[in-house]
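The values are calculated or read from the model by the stated rules, or taken from the named source; none is laboratory data. What you see is a predicted model, and the numbers here were worked out from it, not measured in a lab. Note that each Cβ is placed from the backbone with ideal geometry, even for glycine, and that neighbours are counted across all protein chains shown. Only protein heavy atoms, including side chains, enter the accessible area calculation; ligands, DNA and RNA are left aside. Shrake-Rupley method; radii C 1.70, N 1.55, O 1.52, S 1.80 Å.
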Amino acid sequence: MRAWEKRIRTVTPYVPGEQPNFKDMIKLNTNENPYPPSKKVESLLETEHSEKLRLYPDTESTVLKKSLAQFHKISEDQIFVGVGSDDVLAMSFLTFFASETPILFPDITYSFYEVWADLYHIPYVRPMLTDDFRIRKEDYYVANGGIVIANPNAPTSILEPLSVIEDILLHNTESIVIIDEAYVDFGGVSALSLLNQYENLLVVRTFSKSRSLAGARIGYAVGNPVLIRALNAVKNSYNSYTMNRLSIMLGAASVEDEKYFYETTNKIIETRNQTATELKALGFKMPDSSTNFLFITHPKVRAEALFNYLKEQHIFVRYFALPRINQYLRVTIGTEPQMQCFIKAVQKYLQSEACVYE
Ligand SMILES: *Cc1c(COP(=O)(O)O)cnc(C)c1O
């Protein structure tokens, strides 16, 4: 190794789901929303003059914060926005986890947490979820440098009741506790109601799933103004203009269309429940989902083999070759016709000899 190579920071990056591009594909692998964004987003895109793009955007994303403040009935100084919740979470790790004591997050959860911890040299411990993928709250009663919990969790789809989150907050008044609510709009129970009681709570949300705006990259954090100011200071120490002009406007337009938001999320919840029933009839087992995906396993099927079979039919789901979950597939909920195609393909596989588990 040459001397200068030793100075290069080495990291093991997060691996996002594939973005294949086939005309006939059914894409159920990255938890995107199958429905288009609100019509208000569409009409804004048609009328907005590109001429304005020569100007820098508003560093405060004021219009977006205003609409979010109204939607959540909170004040603007409780909101931080970023380039997707990945940006918000990465910034939060950098800002809040500066102690020598390890931070805590479950052994099975969003795999980016570990990547950020490694990137910033933050020590961490990963308490094991139970065999049925539930949090043991007592695991979080130990001294720590911070806590991150996705609720509902990914890729398990499981929602922990608010009482578990509150119990963890009660036992950790000296740490900052981040609740990642990427999937909360699909039947979760938000920790936002605990904000007034716990100054150390930060709730992180995204527009990528429930608002059909993964491509616009919008996420936000809600917390007490001291936390928000700290996040802004760090953000303004490396890039003041994280949020681009278009995304700020499109995000605000989406928040203002509440009717469409509830329509689409409810439709996805319905399709999810129906898909779950059909998969169970085929012998699949899965936790109750509070998200826009199902985490499925079958006693007679090798998950990776089914994953590959579906891929050949251009039906993309997610497989994680990781301990404890390598017999599961994570299946995003698409439109109803898409899910019917998916079920048909699965049925066909189950009828073929190829699938029998040795
Ligand atoms: C999708 C997801 C994110 C990231 O979402 P973006 O806003 O698109 O960056 C964060 N956390 C969890 C648990 C997710 O599933």
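The modelled label-to-label distance between Y56 and S352, using points 7 Å beyond Cα along the C-beta direction, is 5.7 nm. Of the options Y120, S50, Y110, report the single residue whose Cα projects farthest towards the positive end of the charge dipole of the range 42-179 (beta-carbon charges: Lys, Arg +1; Asp, Glu -1). Checking the options against the dipole of the range 42-179, the answer is S50.
On the chain, 53 percent of the accessible area sits on carbon and sulfur atoms, based on a 1.4 Å probe. When you work out D = kT/(6 pi eta Rh) for the range 204-358 at 25 °C and 0.890 mPa s, using the Kirkwood radius from C-alpha pairs as Rh and the Stokes-Einstein form, the result is 134 µm²/s.
Semi-axes of the equivalent ellipsoid for the range 93-232, computed as √(5λ) from the eigenvalues of its C-alpha gyration tensor and ordered from largest down, come to 20, 18, 16 Å.
Taking 0.36 nm per residue of sequence separation and removing the Cα-Cα distance, the R136/K66 pair yields an extension gain of 21.4 nm.
If the chain linking W4 and T47 were pulled fully straight, counting 0.36 nm for each residue of separation and taking away their Cα-Cα distance, it would gain 10.4 nm. Taking the chain as a Gaussian network of alpha-carbon nodes connected by springs under 10 Å, the highest mean-square fluctuation of the residues L89, L322, L310 belongs to L322. Solvent-accessible surface of the range 1-144, taken per residue with a 1.4 Å probe and all protein chains present: 60 Å². Summing Cβ point charges (Lys, Arg +1; Asp, Glu -1) relative to the Cα centre of the chain gives a dipole of roughly 720 debye. For the range 196-272, the gyration tensor built on C-alpha atoms gives an oblate shape. Its axis ratio a/c (a ≥ b ≥ c) is at least 1.5, and a/b is not larger than b/c. Relative to the Cα centre, the charge distribution of the range 218-291, modelled as +1 at Lys and Arg Cβ and -1 at Asp and Glu Cβ, gives a dipole magnitude of about 320 debye.
Note on the chain: Cα Rg divided by 2.2 N^0.38 Å, N the number of residues, gives 1.02.
In the calculated pair-distance distribution of the range 259-334, the portion above 16 angstrom amounts to 53 percent of the Cα-Cα pairs. Available extension along the chain between V125 and V11 is 39.2 nm, counting 0.36 nm per residue and deducting the alpha carbon span. So if we plug the beta-carbon distance of E100 and L246 into 1/(1 + (r/R0)^6) with R0 = 41 Å, what FRET efficiency do we get, rounded to 0.05? Efficiency at R0 = 41 Å is approximately 0.50.
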